[in-house]
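Peer 1: Structure provided below as structure tokens; questions to follow.
The values are calculated or read from the model by the stated rules, or taken from the named source; none is laboratory data. None of the values given here were measured: they were computed from a predicted structure. Neighbour counts are summed over all protein chains in view; Cβ atoms, including those assigned to glycine, are modelled from backbone coordinates with ideal geometry. Ligands, DNA and RNA are stripped out before the accessible areas are found, and what is left, the full protein with its side chains, is counted by its heavy atoms. Shrake-Rupley method; radii C 1.70, N 1.55, O 1.52, S 1.80 Å.
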Amino acid sequence: MKKVGEIIALTLAMGSLTLSAAAFAHGTEKHGKTAAAGAQMKKLHEMMPMFSVAAAGVESALEKGEMTAVEIEADRILDSIPDLKKSKPHKNVKQRKKFVEITTKLEEAVTSTVVLAKKDDLAGAKVAFKKVEETCAACHAKFRD
Ligand code: HEC
């Protein structure tokens, strides 16, 4: 039985080695080598929860037909579009063009949601907002871990 104990101990030790190697690789490769790249990623981490809250705000304002609230919530997303274009994902980092392209689509979809809401075209605004959600999902599929 002594052997089994040794094997378990060895397996555990190797397991923790593998884990710390993985953590190290994550630290150096995935989070970028420079402080600037780190800051760009941090920006993304801070921006996304706000996107989530703002998008939920647009959705509930559309449900209630409160057009002013639609505009206020949508503006929070629009205001950070320039920052999103400058920020950096963890995955597929090299496909910057695609990242910016999807961000532009997001900008267009949010803008048309607002334009239609301002025209009191509730149905149209809801359709436009569906595009917004599709854009969030498209970017996550490609660029989120
Ligand atoms: C151009 C790309 C892009 C678009 C568009 C985008 N996201 Fe994200 N989102 C990301 C990436 C990349 C992450 C992973 C962030 C990270 O790991 O730093 C993320 C993460 C998140 C998270 C998890 C929180 C986090 O920091 O990991 C939420 C919530 C989120 N996004 C919501 C949204 C919503 C809602 C929209 C649309 C209104 C949206 N996102 C649009 C790229 C995008």
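Peer 1: For the range 61-92, enumerate the residues that are open to solvent by 40 Å² or more (accessible area, probe 1.4 Å), in contact with a Lys or Arg (Cβ under 9 Å, 6 or more places away or on another chain) and within 14 Å of the ligand (Cβ to nearest atom).
Peer 2: ASP83, LYS86, LYS88, LYS91, ASN92
Peer 1: Condition check: open to solvent by less than 50 Å² (accessible area, probe 1.4 Å), under 16 Å from the mean Cα position of the chain (by Cα) and not acidic (Asp, Glu). Does THR113 satisfy that?
Peer 2: The answer is no for THR113.
Peer 1: Looking at VAL127, is it at pLDDT 95 or above and closer than 30 Å to ALA36 by Cα?
Peer 2: no
Peer 1: Another question, then. Among the candidates VAL114, VAL58, which residue alone is within 10 Å of the ligand (Cβ to nearest atom) and touching an Asp or Glu at 6+ places or on another chain (Cβ under 6 Å)?
Peer 2: Answer to the selection: VAL58.
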